[in-house]
1. Compute a Gaussian network model of the chain, connecting alpha carbons closer than 10 Å, and tell me which residue from 15, 53, 67 fluctuates the most.
2. Would you mind getting the accessible area per residue of the chain, heavy atoms of the protein chains only, 1.4 Å probe, in Å²?
3. With springs only between Cα atoms under 10 Å apart, run a GNM on the chain and tell me which of 82, 29, 42 wobbles the most.
4. Suppose each label sits 7 Å from its Cα in the direction of the beta carbon; what would the residue 40-residue 82 distance come out to in nanometres?
5. Under a point spin-label approximation (7 Å from Cα along Cα-to-Cβ), what is the residue 23-residue 93 distance to one decimal in nm?
6. Based on C-alpha coordinates, I'd like the Rg and Dmax of the chain, in Å.
7. Give the angle, between 0 and 90 degrees and rounded to the nearest 10, that separates the Cα long axis of helix 39-48 from the longest principal axis of the Cα atoms of the chain.
8. With angles folded into 0 to 90 degrees, how steeply does helix 50-62 sit against the dominant principal axis of the chain? Use alpha carbons for both and round to 10.
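The values are calculated or read from the model by the stated rules, or taken from the named source; none is laboratory data. Keep in mind that this is a model prediction, so the values were computed, not measured. All Cβ positions, even for glycine, are placed from backbone atoms using ideal geometry, and neighbour counts span all protein chains on display. Protein only, heavy atoms only, side chains kept; ligands, DNA and RNA dropped before computing areas. Shrake-Rupley method; radii C 1.70, N 1.55, O 1.52, S 1.80 Å.
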Amino acid sequence: MMVQGIDVHVTRKRIKNLRIRVMPQDGHVEASVPLYMPLNRVERFIGQKIDWIVDQQRQAVLSPRHIAACATDEQLAEWRTVVEAAVPLLIER
C-alpha cells in the first residue's frame, strides 16, 4: 500500500489495534492490521502519522547501525584501527 509516497507493508492479523513500525535497519514501514479493519481506515491512520514516520525514517538513516551497514571496506578498516588503538587505554583504566 502506498500512503503519501511511502510504501507500507500491510499484514492482517488477529489483533485488536492497528500497529505501525518503522524498521531500524532500512526505514521501511510495516503495519499490522486487524482482520476486519477496512484499508481506507488504515490509509487514513497512516496519513495522520506521516510526520512521525518521516522523522523515524530520518533517524534510521542517521543511526550508527545503518551507517555501519553502508560503510565501505576502507571505512571499516579505519574504524577498526581507531577502536584497536583505544581499547588498550580503556582496559588500563
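1. 15
2. Heavy-atom accessible area per residue stands at 76 Å².
3. In this elastic network of the chain, the residue with the biggest mean-square fluctuation among 82, 29, 42 is 82.
4. Result: 5.3 nm between the two label points.
5. 3.8 nm
6. Spelled out, the Cα radius of gyration and Dmax of the chain are 19.6, 61 Å.
7. 50 degrees
8. Relative to the chain, helix 50-62 is tipped by roughly 20 degrees.
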